[in-house]
Amino acid sequence: MNLDSIGDWTRTHYTSQVTPELDSQEVTLFGWVQDVRDLGGIRFIILQDREGTIQLTIPKKRVLPEVLTKSDLLQKRFSFGVKGNVKKTTMTSRGIEVIPAAIKIFNVATEQLPIDITGKTPALIEARLDARPLDLTQEQSLATFKVQHTALEAIRSFLFKKDFLEVHTPRIIASATEGGAELFSVDYFGQKAYLAQSPQLYKEELTLSFERVFEVGPFFRAEESHTRRHLSEFTSIDIEAAFANATDVMALLEQVINHVCTVVKEKCANELTLLKHNLEVPTIPFKRLTYDQVLEDLKQHDVTIPWGEDIPTEAFRVLGEIYPYFYFITDWPTHAKAFYIKPREDKPEVSEGFDLMHSYIELVSGGTRISQKEQLIQRLQEKGLNPESFKCHLQAYDYGMPPHAGWGMGLERLTMILTDNKNIREVTLYPRDRVRLTP
RNA sequence: GCCCAGGUAGUAUAGUUCGGUCUAGUAUGUACGGCUGUCGCCCGUAGGACCCGGGUCCGAAUCCCGGCCUGGGCGCCA
C-alpha cells in the first residue's frame, strides 16, 4: 500500500474539541481507526485520538471517489488523517459527525491484533501486558493514566505552594539505605553498587540545607513479592520537612490527598465515568487510630495480635472491612518501625511513626525522624545494622541536623485508589515484577 | 522463599468430574461476499486451538509422572 506523507496538514482539533457549534466548518483530525462499520451504501469509521473518538460518515455515492478509495483501505489501528466538514446530527451520541473531503493514510497495522480492543472480548492482564503498546490505546488505559497525570500535577503544584523544593537523589548507591529489603545489585565500573530502594537518607540530609524537599521517582525492591499491590520498580512520592514532626506532616498529607481527590474529580470527570468509579473526596481530618486501638478493633473481630507484632495482611483485610476509606495508624511499636523513626520521648517503646491506610492497603508510611546522632547510632545497633556502613549519612548529624519529619507515598497505589483498579499492573505503563521484565 | 489454582484458535471461554460420535462446541476477531444511518450493526461463507515430554490404555484435551509457563495468596513493603 502507498502510504501518505503528512505534508502540510496540521491538526486543527482533537476529537473532543469538535462540537455541534462547529457545524459545517472544516476540521483536520489525526488519529487511528478504532472501528469500521460498513453497511453497504454507507460506511462509518470511528477515529480515535488520545482525547476520545469521533465518527466519520462516508455515504459512498456522495463522497469524492478518492475518499471512497482511501476509506476502503482503512483497517483497525491504521494511523490516518482526515480533512472534512463537521455536520450536526441527531444520529450520533455526540451530536456530530465528520464528512471526509480528504483522507491520508500514514501507517498500517496487522490484520489480527493480539488483543481485542473493542471491549467485546476483553483480554486477561497477561495478554494485555504482552501487547502493552496496543493495550495502552484502549480508552480505559488512557483514562487511568490521565488520572495519574492529573494527580501528579495536583500533588506537585500543592507542594510547591507549601514551599517544598523538588529534588533528585541518586538511584545508584553504594550500600543498603535501610537494611531489610532486598536490593538489586549493579556493576559500577567494577565496583558493587545497588539500585536505591528509597530516597530516605538523602532526603533527610537535604532538610539540613533546603529544609523542605520532595521527590517523585522510581525505586527498586528485589523482593519476590507476588501480589496485586507490589512492583519491583515503583514510583515513590517522598517529602521531608525540617522543623516539623509527624503531626505536621500528617496534616500536610491529608491535605494533599484531599486536594488530589478534589482536582481529579473535577478535571477527570469523563475519565472517572469511563472507569465507572465514583471517587469520594475524603473529609479532613482523616480518622486516626493508634496501634493499640487497631489491636482492640481486631480483637473484636476475633483476630488477636500480640502487642509489638507487625500487623499481617490478613488482619489488615479485616481492618479494611471496618474502615473502608482513608485512615491513619499511629503510635506503632518502635521496634516494628525502621531505625530512623523517632521513639516517643515520654514512652520510648512507642514511636512517632505512622501509616496512611486505604482499606487494607498501606498507601503512605512516615513519621518523625531521629535527629540526634547518638540516638540514631543506638537504633542502628538495635536493628542489627553496622553504624560504620552509615558513616556518610551520619556525618550530616554533625552539622546541625534539624528536627524533621516526612513520608513516602506509592504513586501506583494512589492511582489504584483514584481509578478503582484492583491490580497495580493496570496503573503502571510497563510493570516490572518477579516474572516480568518485558516489554 | 513458601502455599494454592490453572495452561484448549488472535482474544475470551465450553468440554476434564466418571477416558469413547470431540470429526473439540460457542462468542468475538480475521478473510471473502451481501446490505444507505450504524454506534457491541446485521446476514452468509471460510480458515483457525487441546503448553512440552514421557507413561497407562484397544482408545487420552480428559488419568498418572516430570518439566516449562502463568495467575493468585502469604511473607516483605509504597
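The values are calculated or read from the model by the stated rules, or taken from the named source; none is laboratory data. Fair warning: this is a prediction, and the values are worked out from it, not measured in the lab. Quick reminder, even Gly has a Cβ in these numbers, built from the backbone with ideal geometry, and neighbours come from all protein chains shown. All accessible areas refer to the heavy atoms of the entire protein, side chains included, with ligands and DNA or RNA removed. Shrake-Rupley method; radii C 1.70, N 1.55, O 1.52, S 1.80 Å.
For residues in region A:307-324 being open to solvent by 80 Å² or more (accessible area, probe 1.4 Å) and within 16 Å of RNA strand B (Cβ to nearest atom), which is farthest from A:Ala338 (Cα to Cα)? Here the answer is A:Glu321. Scanning region A:404-436 for residues that are β-branched (Val, Ile, Thr), open to solvent by 10 Å² or more (accessible area, probe 1.4 Å) and more than 8 Å from RNA strand B (Cβ to nearest atom) yields a count of 2.
Scanning region A:355-390 for residues being outside any strand (DSSP E or B), in contact with a strand residue (DSSP E or B) (Cβ under 8 Å, 6 or more places away or on another chain) and within 18 Å of A:Met250 (Cα to Cα) gives a total of 1.
Yes/no matrix, rows are residues, columns are (1) closer than 27 Å to A:Leu136 by Cα; (2) among the acidic types (Asp, Glu):
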| site | (1), (2) |
| --- | --- |
| A:Arg43 | yes, no |
| A:Asp49 | yes, yes |
| A:Ile54 | yes, no |
| A:Arg62 | no, no |
| A:Pro65 | no, no |
| A:Thr69 | no, no |
| A:Asp72 | yes, yes |
| A:Gln75 | yes, no |
| A:Gly81 | yes, no |
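Summed over region A:335-374, the residues that are of a type in the set (S, T, N, Q), farther than 15 Å from A:Trp407 by Cα and modelled with pLDDT of 95 or more give a count of 2. Mind listing whichever residues of region A:260-287 are over 30 Å from A:Glu51 (Cα atoms), open to solvent by 90 Å² or more (accessible area, probe 1.4 Å) and either outside the structural domain of A:Arg344 (by TED's automatic domain parsing) or touching a residue at least 40 places away in the same chain (Cβ under 8 Å) (or both)? A:Lys287, the sole residue that qualifies. Does A:Ala154 satisfy the condition of being surrounded by 14 or more Cβ atoms within 10 Å (Cβ to Cβ), part of a helix (DSSP H, G or I) and small (Gly, Ala, Ser)? In short, yes.
Could you tell me whether A:Lys383 is under 33 Å from the mean Cα position of the chain (by Cα), farther than 30 Å from A:Asn258 by Cα and among the basic types (Lys, Arg)? Spelling it out, A:Lys383 is indeed under 33 Å from the mean Cα position of the chain (by Cα), farther than 30 Å from A:Asn258 by Cα and among the basic types (Lys, Arg). Cβ-Cβ distances below 6 Å connect the following pairs, each with a first residue in region A:209-227 that is touching a residue at least 24 places away in the same chain (Cβ under 8 Å) and open to solvent by less than 70 Å² (accessible area, probe 1.4 Å), a second residue that is within 10 Å of RNA strand B (Cβ to nearest atom) and of a type in the set (A, V, I, L, M, F, W, C), and a separation of six or more residues or different chains: A:Val216/A:Ile237.
Scanning region A:159-208 for residues that are of a type in the set (Lys, Arg), in contact (Cβ under 8 Å) with a residue 60 or more places away in the chain and either more than 13 Å from A:Asp238 (Cβ to Cβ) or open to solvent by 10 Å² or more (accessible area, probe 1.4 Å) (or both) yields a total of 1. Could you say which residue among A:Ile341, A:Ile377 is closer than 27 Å to A:Glu233 by Cα and in contact (Cβ under 8 Å) with a residue 12 or more places away in the chain? The unique qualifying residue is A:Ile341. For A:Thr334, the conditions (1) within 11 Å of RNA strand B (Cβ to nearest atom); (2) crowded, with 18+ Cβ neighbours inside 10 Å are fulfilled apart from (1).
No other residue among A:Ser359, A:Ser351 is within 14 Å of A:Tyr291 (Cα to Cα) and assigned by TED's automatic domain parsing to the domain that holds A:Tyr202 apart from A:Ser351. A:Lys391 - would you say it is within 13 Å of RNA strand B (Cβ to nearest atom), at pLDDT below 95 and surrounded by fewer than 17 Cβ atoms within 10 Å (Cβ to Cβ)? In short, no.
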